[in-house]
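**Q** Would you mind keeping the following structure in view while I ask a few things?
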Amino acid sequence: MSSLSVMKAVIPAAGQGTRFLPATKSSPKEMLPLVDKPLIQYIAEEAALAGIRNIIVISGRGKRAIEDHFDISYELEETLKQSGKDALLKEIRRISDLARFCYVRQRHMRGLGDAILCAQHLIGDEPFAVMLGDEIIDAGVPAIAQLMEVYDRLRAPIIGVQEVALDEVSQYGIITAKPAGDGLFQVTDLVEKPSPADAPSRLAVIGRYILTPEVFAVLEKTPPGKNQEVQLTDALRTIAKRAPMYAWVIKGKRFDAGDKLGFLKATVEFGLKNPELGERFARYLKQLSI
């Protein structure tokens, strides 16, 4: 399932994960296990299923575990081979074969926009995907593949969105848009975390994007906002006023795994779907008197 033109994905993973302290004091948030795989592996697998073979991880201090996870582990592989654990050996090898990984350090925590700028020299003149690692989307067709299909038709930046409850709009970037087809909208503006009274819609940006290289020049000129961070939302607002930009309502169930409650919900639902654990886990949950 590959796009005609989108061959690279950027996964920003330099944040400090403060919402999960103290668990993330010495371990990256992206390596928190969702049942039996770290969060970032779900994102890399989504990209690989969509046909993306080049993944650029924007990392920072204390993120070496991410590199090690996707690297070959000769000692572990030999131990599994000698122990006759062929299924585990196959799974471990599959992880390192998902894609070609490249790592770029974001030396200063200057926001999502700055993180994307760190990948400019590796993207060049190509369109590319941006996939946030704390948004896990369970979908029949990978979420990023849905956006890639739309990009191949329209050749314009695409933002992944889903409708949220009115009392939740203040937690998201919200788009102003006009209908452009079934599940498709043309974006005219974006607002970051509006109050329910000021929200232009209930369509929330959910951490999947297809961007064109023009975004880099805009990001370079985007002044820092709150906390001296360069916000991707600000750059997208500028682009939307200059040229067509679209939003696609992603089909699938989304989990905000960057939030403790969202992470717990994802753990329960992915646990119930796990072929090895699901049935026993369901029986356990039924026994709980809550």
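**Q** Find the relative contact order for the stretch 219-290 and round it to a whole percent, using C-alpha pairs within less than 8 Å whose residues are 6+ positions apart.
**A** Taking the mean separation of contacting Cα pairs over the length of the stretch 219-290, I get 12 percent.
**Q** For the stretch 57-175, what relative contact order do you get, as a whole percent, if you take Cα pairs closer than 8 Å and at least 6 residues apart?
**A** 24
**Q** Residues of the stretch 90-110 with amide nitrogen under 12 Å from the 7 Å Cα-to-Cβ point of GLU67?
**A** Backbone N within reach: 102-106.
**Q** Additional query: Below 8 Å between Cα atoms, with a sequence gap of 6+, how large is the relative contact order for the chain in percent?
**A** That works out to 22 percent.
**Q** Turning to a different aspect of this structure: Cross-link list LYS251/LYS273; LYS25/LYS85; LYS63/LYS273; LYS8/LYS37; LYS29/LYS265; LYS8/LYS85: which exceed 27 angstrom alpha carbon to alpha carbon?
**A** LYS25/LYS85; LYS63/LYS273; LYS8/LYS85
**Q** Sticking with this structure for a sec: Can you tell me the FRET efficiency between ASN227 and LYS260 if r is taken as the Cβ-Cβ distance and R0 is 25 Å, rounded to the nearest 0.05?
**A** 0.70
**Q** What does the extension gain come out to for ARG155 and LEU122, with contour length at 0.36 nm per residue minus their alpha carbon separation? Show your work: numbers first, answer last.
**A** Numbers: separation 33, 0.36 × 33 = 11.88 nm, distance 2.04 nm.
The ARG155-LEU122 span can extend by a further 9.8 nm.
**Q** Note down the nm distance, to one decimal, between modelled labels 7 Å out along Cα→Cβ at MET7 and at GLN82.
**A** So the label points at MET7 and GLN82 sit 4.1 nm apart.
**Q** Starting with the highest mean, order 236-247, 83-94, 138-149 by the number of other Cβ atoms within 10 Å, averaged over the residues of each peptide. Mind dumping the intermediate values first?
**A** Numbers: 236-247: 18.7, 83-94: 12.2, 138-149: 20.5.
For the peptides 236-247, 83-94, 138-149, the packing ranking is 138-149, 236-247, 83-94.
**Q** Could you list LEU219, LEU285, LEU32, LEU184 so that the one with the fewest beta carbons within 10 Å of its beta carbon is first and the one with the most is last?
**A** Starting with the residue having the fewest Cβ neighbours, the order is LEU285, LEU184, LEU32, LEU219.
**Q** Measure off 7 Å from each Cα along the Cα-to-Cβ vector at ARG94 and LYS193, then give the distance between these two points in nanometres to one decimal.
**A** 3.9
**Q** A follow-up question, please. Let me see the pair-distance distribution of the stretch 1-103: every alpha carbon pair, 10 Å bin width, integer percents in order.
**A** So the P(r) values, bin by bin, are 14, 41, 33, 11, 0.
**Q** Could you bin all the Cα-Cα distances of the stretch 8-287 into 5 Å bins starting at 0 and give me the percent of pairs in each, rounded to whole numbers?
**A** For the stretch 8-287, the binned pair fractions read 1, 5, 11, 15, 18, 18, 14, 8, 5, 3, 1, 0, 0 percent.
**Q** On to the next question. Which lysines have a Cα lying under 17 Å from the Cα of LYS221, excluding residues fewer than 8 positions away in the same chain?
**A** Candidates past the 8-residue exclusion: LYS241.
**Q** Next up: Please report how far the C-alpha centroid of the stretch 145-161 lies from that of the stretch 200-261, rounded to the nearest whole angstrom.
**A** Going from one Cα centre to the other spans 14 Å.
**Q** Then there is this: Once the piece of chain linking LYS253 and ALA180 is laid out straight, how much longer is it, given 0.36 nm per residue of separation minus the C-alpha distance between them?
**A** 24.0 nm
Every number here is computed from the coordinates shown, using simple stated rules; none is lab data. Just so it is clear, the model here is predicted, and its values are computed rather than measured. When we count neighbours, we look across all protein chains shown, and the Cβ atoms used for this are built from the backbone with ideal geometry, even at glycine.
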